[in-house]
Amino acid sequence: MDAEPVVNTAPLRRFVGDFAGLLDSTHDLDQILARGQALLAGLVAQDGWLPEEFAQPNPARYQQYLLHCDSAERFSVVSFVWGPGQATPIHDHRVWGLVGVLRGAEKVQSFHQRESDGSLVQQGPTRELLEAQVEAIDPREGDIHRVENAFADRTSISIHVYGGNIGAVARATFRPNGEERPFISGYANATLPNIWDLSRTA
Ligand SMILES: [Fe+2]
C-alpha cells in the first residue's frame, strides 16, 4: 500500500501557538482582531500545509473541518471547503471570527435586521475575498451574513478562526423574513490533523 503523502503542518502548528500567545497577552477584541488578522494573513500566504483529508469537497454541501481547538475553547481553526457554487445559509456566529482565503475566492454578503419587523436587509455590496486576503467578523457590529464560493467550476478553501469552539456554539440560521432557526454546525471530520509529530513535520 502506498504511504500517505506527508504534509508539513509546521505552519499550522506555529499559527496555533502564536494565536494562543496572542490570547494570553490581551482580552481586547480590537487587538485580537487586528493582530489575529495579521497572523492569519501569514498562514494563508503560503499553501502546502493543509493535509488533503481536510481539503476535500463534498458534492452535497460545503464542508467545515476542524483543524485545531484550543484546550480552553478560546479559539478554533477550521478549513471551509466549498465545492463549485456551494453557499452557506444566512447565518450568524455570535463570537469573533477571522476568514482567510487559501485557494480560490469567496463572496460574502452581510445583512442587518429591520428594527420594525426583524426582516433582513442587505448591508452593503457583496464583497469578494480573493486568495490570500483576510477579513475580520466583529459580532459587536452585527455578524449576519451569507458566504458562497465565488467560482461555479472549482473548489475554494478558506481558513477561519473563531472565538470559541465554533462547531459547538449555539447560533442561528435566518430566513429572509428574519425568522431564526437554532443552528449548531458540528464538524465534517471525526479526527484532527496531527500537527505535533515533530519527526515528520519539523
Ligand atoms: Fe460565517
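The values are calculated or read from the model by the stated rules, or taken from the named source; none is laboratory data. On a predicted model such as this, the values are computed, not experimentally measured, just so you know. In this analysis, Cβ positions are derived from the backbone assuming ideal geometry, glycine residues included, and neighbour counts consider all displayed protein chains.
Residues in the range 172-202 that are part of a strand (DSSP E or B) and surrounded by fewer than 19 Cβ atoms within 10 Å (Cβ to Cβ): how many?
Selection size over the range 172-202: 6.
Before we move on, is V101 more than 16 Å from the ligand (Cβ to nearest atom), touching a residue at least 40 places away in the same chain (Cβ under 8 Å), aliphatic (A, V, I, L, M) and in contact with a Leu (Cβ under 8 Å, 6 or more places away or on another chain)?
So V101 fails the test.
Looking at (1) more than 12 Å from the ligand (Cβ to nearest atom); (2) at positive phi, can you tell me which one R94 breaks?
Condition (1) is where R94 drops out.
Which of the residues spanning the range 104-117 are farther than 22 Å from V169 by Cα and within 13 Å of the ligand (Cβ to nearest atom)?
Once the filter is applied, which keeps residues that are farther than 22 Å from V169 by Cα and within 13 Å of the ligand (Cβ to nearest atom), the range 104-117 yields E106, K107.
Could you grab the pairs with beta carbons closer than 6 Å, sequence gap of 6+ or different chains, first residue in the range 165-176 and more than 22 Å from S71 (Cβ to Cβ), second one in a strand (DSSP E or B) and of a type in the set (D, E)?
Once the first residue is more than 22 Å from S71 (Cβ to Cβ) and sits in the range 165-176, its partners that are in a strand (DSSP E or B) and of a type in the set (D, E) give A172/E180; F174/E180.
Return a yes/no flag: does the range 118-130 have any residue that is within 29 Å of L12 (Cα to Cα), aliphatic (A, V, I, L, M) and more than 11 Å from the ligand (Cβ to nearest atom).
Checked the range 118-130: at least one residue is within 29 Å of L12 (Cα to Cα), aliphatic (A, V, I, L, M) and more than 11 Å from the ligand (Cβ to nearest atom).
Tell me the residue from S71, S76 that is of a type in the set (S, T, N, Q) and away from the ligand (no atom under 14 Å from the Cβ), please.
From the options S71, S76, the qualifying one is S71.
Taking the residues in the range 1-20 that are β-branched (V, I, T) and modelled with pLDDT of 80 or more as candidates, determine which candidate is farthest from V78 (Cα to Cα).
In this case the residue turns out to be V7.
Sort out which residues of the range 144-161 are closer than 9 Å to V81 by Cα and in a loop (DSSP other than H, G, I, E, B), and write them in order of number.
T155
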